[in-house]
Amino acid sequence: MTNQSYKLEVAVTHNGEINKGFQEDEENEIKLEKNGVLPAVAVLTNEGTGRDTWDNPIEFLLSCVAMSVGLGNVWRFPFTAYENGGGAFLIPYIIVLFFIGKPIYFLEMAMGQFSSSGQVKVWEMAPIFKGVGYGSMLGTACVVSYYVSLMAITVFYFLASFKSVLPWAECNTSWAPGICNGTLINKNVTDKTVSELYFENEVFPQYASVENGIGLPHWWLTLCLIGSWVLIFLSLVKGVQSSGKVAYFTALFPYVVLFVLLGRGVTLNGAWQGIEKFIVPEWSKILEPEVWYAAVGQCFFSLSTGFGPIIMFSSYNPFRHNVYR
């Protein structure tokens, strides 16, 4: 039994009250630490648990930032706000964020750091809720598999963008037969854009029906998917020792992309009309329950609360790490 689990048992008596002896020991530890003396036995650390810790506290912070600043904000938030009142959506979102999202976020960090356990094992403190841990693990697996498929498509577009002429900039009869009029689309045949046709016919070919089966996987997307999984494996192969280093890139690079996209977006024709349409609030939307429901969903999606990664990340913190700060 580790020091942490032992202290967890003796800290609370059978009737739910704080053990006075435990409380006095904690006060003595604090006094000793202030005097620069650390007790050899009573100090709560991760030693003896066999669990790694972050090499640097900044890696924990950047990992949490990288988890939040992703598709949940870059991709999902703009159209969710647009569909739910534009600027008015920020009011229910901020309220939900501070009164629901942040408290749950802090609770999960405290649970993970205190127990030094992942999202499944942490529920040993209340075995009846162990299904919550397995449910969050299953939910995370589903989201990860979905995100990796998006990563595969992103990798495909990334590699295709190195061509001198972007493939989705001009119509090509190899993936749009009978539709192209030179390098342009014959508007008498379809109203779709070149980029839509490129995605539907070349990047992600789609069938009108599945009567004859779904066909074989396309080798180019399969390679991109395998490459995406390999990147994830390399990021996690050494646990927090490797993922912590990757966090420097995954936390900071999205901001570079955001500023690049912002700079590109505001220079397009009609950009300011679009921005005005996005930020002008529709105050009547605030009274609609669907808007508040969307705010709760977006808040949980952005913070990744309820999925388990917060508990997992904080479980690699030293026991006395100031997680509140």
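The values are calculated or read from the model by the stated rules, or taken from the named source; none is laboratory data. As the structure is a computational prediction, the values presented were derived from the model and not from experiment. Cβ: placed from backbone, ideal geometry, glycine included. Neighbour counts: every protein chain shown. For accessibility, only protein heavy atoms count, side chains too; no ligands or nucleic acids. Shrake-Rupley method; radii C 1.70, N 1.55, O 1.52, S 1.80 Å.
Peptides 271-279, 153-161, 115-123, 244-252 ordered by packing proxy, namely the average of other Cβ atoms within 10 Å per residue, highest first: 115-123, 244-252, 153-161, 271-279.
Kirkwood's formula applied to the C-alpha pairs of segment 203-285 gives a hydrodynamic radius of 17.8 angstrom.
Here r is the Cβ-Cβ distance between Ser235 and Thr183 and R0 is 45 Å; the resulting FRET efficiency, rounded to 0.05, is 0.65. Would you kindly give the portion of the calculated P(r) for segment 131-286 that falls above 25 Å, as a percent of all Cα pairs? So the pairs more than 25 Å apart make up 56 percent of the total in segment 131-286.
Return the carbon/sulfur percentage of the accessible area of segment 85-192, one whole number, probe 1.4 Å, all protein chains in place. Solvent-exposed carbon and sulfur of segment 85-192 make up 70 percent of the total. Along the axis of the charge dipole computed for segment 99-217 (Cβ charges of +1 for Lys and Arg, -1 for Asp and Glu, origin at the Cα centre), the listed residues Pro103, Pro217, Gly131 are led at the positive end by Pro103. On a per residue basis, segment 201-257 carries 73 Å² of accessible surface, using protein heavy atoms and a 1.4 Å probe.
The fraction of accessible area contributed by carbon and sulfur in segment 235-325 is 70 percent, rounded to a whole number (1.4 Å probe; ligands and nucleic acids excluded).
The Rg/Rh ratio of segment 148-220, with Rg taken over Cα atoms and Rh as the Kirkwood radius over Cα pairs, comes to 0.99.
Comparing Cα centroids, segment 128-191 and segment 237-301 end up 20 angstrom apart. Whole-percent P(r), segment 116-193, all Cα pairs, 10 Å bins from 0: 15, 23, 19, 14, 12, 13, 3. Equivalent ellipsoid of segment 59-137: semi-axes from √(5λ) of the C-alpha gyration tensor, largest first, are 30, 15, 13 Å. A 1.4 Å probe run over segment 99-152, with the rest of the protein chains in place, finds 56 Å² accessible per residue.
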